[in-house]
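Nothing in this text is a laboratory measurement; each read-out follows from the coordinates by a stated rule. In this text the structure is predicted, and so the values were computed from the model without any measurement. Quick reminder, even Gly has a Cβ in these numbers, built from the backbone with ideal geometry, and neighbours come from all protein chains shown.
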Amino acid sequence: MLPGTPLDIPLLTLAVVAPIALTPLTFLVGRVGGWRASAVFTTAALLIPLAVLVTLTPAVISGTSFHEEFTWVPALGLTIGFVLDGLSYPFALLISLVSFLASLYSVKYMEREHGLTSYFTLLLLFVGGMLGVVLVTNLFLFYIFWELMLIPSYALIAYWGTGNPRLIGFKYFIFTHAGALALLIGIAWLAALFNNLNIFELGALVSAADSQLRPVLTTITVLIFVGAAVKMAVFPFHTWLPDAHAEAPTPISVLLSGVMIKTGVYALARLVIGILPSTFMDIREPVAYLALASMLWGGVMALVQTDIKRLLAYSSISQVGYIVFGLAAGNAVGLQGGLFHVLNHGFAKALLFMAAGVLIHEINERDIRKMGGLASRMPLTTIAMLLGGLSIAGTPPLGGFMSEWMVFSGGVEAGWTWLVAVAILATAITAGYYLRMVRSVFFGETKLEAHDAPPTMSIPMSPLILLVVVLGFLATPILTVIANSAAALALF
């Protein structure tokens, strides 16, 4: 049985299918009206899932879940179904909002590039794949959407990236596809054991057979975790991320770092903790150690970077460590903190990459050592970079402080006091590299002439600036939603 209330109008199906179905039309519009027409069409199409999420938000905050299900292949027991509940809602909201803003941001940032009709077409398909992952109800379609994210994102890196984009795109493809194969083996094994692909029915079936199949289920848990860990770039599966996120075109960096890696978090929460909680208990301590290694490795590497986008990329490795640490704690407060940090990091990192993109677009420079004194010339970009960095560093009263506090509280409650102490040290490293970056770029001696972001770049940044601040003060509605899902997932 799917949780929640069935929707009379298939809004969830519309949110997922519309971006995918409109992809060919985006290309045709661009061929007829030019790339700007495809940009407008893509941005308008991305309003559809965002409007669906906004429409259903009041009901979700009040505790209502929604589902839709349609018969697909009855002989194989396959259905097409989508669910919006306390777990999928924050992820779907993050994907739909940041994707819309990234598309709008792309219009100005990408104007000097080639083949932009294809760029916007692939962008729309990429977003449809991500939405499908977090809303779908069966494992077969989950994997289809998981791969649907990979193909357009590879092309966006390989054909519009910088540096050596074809090689970087190939590395990204190989790593993430290897993770996808581990995920496929795990979910196919589950389906073969229980003859069921429904994510919401498998949990009870696994629980009933846990004692008889414990070694097999543990292996499946590890396989699915590895698939999710590669997508999240958890240490030691992280080596694809610095190149891919740093060299992708900046609007795609926004989506990769702010949004796409969070689909791995969703897989960990929904498939591993949700379906296989007992066997996850067996591996959660090693997972916590990997999370801690991610925090420290990503932070230390960010400290020594001079390329602004590479610094932000290594920061993502560090920050996903906090999210995984909260989920590994297994208690309600740790899970709530980890899931809340998905939003705080997603909005803040999207803002930081957009601010970095303004610097690259306006002054054609990425090396922070060659910048300086830009605060007076670029006040909005300065504010964006400072607020985004301080939030991710866990500075009160911004949103990142609250989510990191809950992650640390969950760790203490789990009995991992010394691990929490090391994690707190990692936040000091985070503050160090962000403050170093802000000082080098915006203060000191003036080195470059510059203007602040044009409207088509500053307008997408403005809601993110607001969210970074508001989530520290007025987070009660979203925390209520997350708390319900965290309580349902809690292992003890």
- Query: Using unit Cβ charges (K, R positive; D, E negative) and no other charged atoms, how large, in debye to the nearest 20, is the dipole of the chain about its Cα centre?
  - Reply: 880 debye
- Helix-derived mean residue ellipticity, 222 nm - over the chain, DSSP H n ≥ 4, -39500 (n - 2.57), to 500: -25000 deg cm²/dmol
- Just need log10 I(q)/I(0) for region 404-492 at q = 0.14 Å⁻¹, Debye formula, equal scatterers on the alpha-carbon atoms, no solvent, rounded to two decimals. -0.85
- Query: Taking H as built 1.01 Å from N, whose amide H comes closer than 5 Å to the amide H of N138, not counting residues under 5 places away?
  - Reply: G81, I199
- Relative contact order (%) - the chain, alpha-carbon pairs under 8 angstrom, separation at least six: 15 percent
- Message: If I histogram all Cα-Cα distances within region 203-278 using bins 5 Å wide from 0, what percent of pairs lands in each bin?
- Response: 3, 16, 21, 19, 13, 10, 8, 6, 3, 1
- Message: Among A158, L425, I199, which residue has its Cα furthest toward the positive end of the charge dipole of region 5-489, with +1 on Lys/Arg Cβ and -1 on Asp/Glu Cβ?
- Response: A158
- Item | Rounded to 5, percent antiparallel among DSSP beta bridges of the chain | 85 percent
- Message: Using a Cα-Cα cut-off of under 16 Å, which aspartates and glutamates could be cross-linked to K309, ignoring same-chain neighbours fewer than 8 residues away?
- Response: D243, E247, E362, E365, D367
- Note on the structure: Assertion target for H341, H238, ordered by fewest C-beta neighbours within 10 angstrom first, is H238, H341
- May I ask for the Rg/Rh ratio of region 5-489, computed from Cα atoms with Rh as the Kirkwood radius, given to two decimals? 0.95
- Query: Of H177, H67, H114, how do they rank once you tally other Cβ atoms within 10 Å and put the fewest first?
  - Reply: H114, H177, H67
- Would you mind calculating the relative contact order of region 238-373 from Cα pairs under 8 angstrom and at least 6 residues apart, reporting the percent as a whole number? 31 percent
- Hull surface divided by four, with the convex hull built on the Cα atoms of region 1-156: how many nm²? 9.5 nm²
- Built amide H within the under 5 Å cut-off of G444, gap 5+: G373
- Item | trypsin sites (Lys or Arg not before Pro) lying in DSSP loop within region 429-481, provided at most 16 other Cβ fall within 10 Å | K447
- Query: Cα centroids of region 349-419 and region 137-183: how far apart, whole angstrom?
  - Reply: 27 Å
- Note on the structure: Expected unfolding gain across F170-R112 under the 0.36 nm per residue rule, minus the alpha-carbon gap, is 18.5 nm
- Message: Based on DSSP loop calls and a cut-off of at most 13 other Cβ atoms within 10 Å, the longest stretch of the chain free of exposed GluC sites (Glu not before Pro) is what?
- Response: 114-444
- Rounded to whole Å, √(5λ) for the Cα gyration tensor eigenvalues of region 228-318, largest first, gives 26, 16, 7
- Note on the structure: Quick note on F82, F142, F473, ordering by fewest other C-beta atoms within 10 Å, gives F473, F142, F82
- Given backbone amide H placed at 1.01 Å from N, residues whose amide H is under 5 Å from that of S65, ignoring those fewer than 5 places away on the same chain, are T5
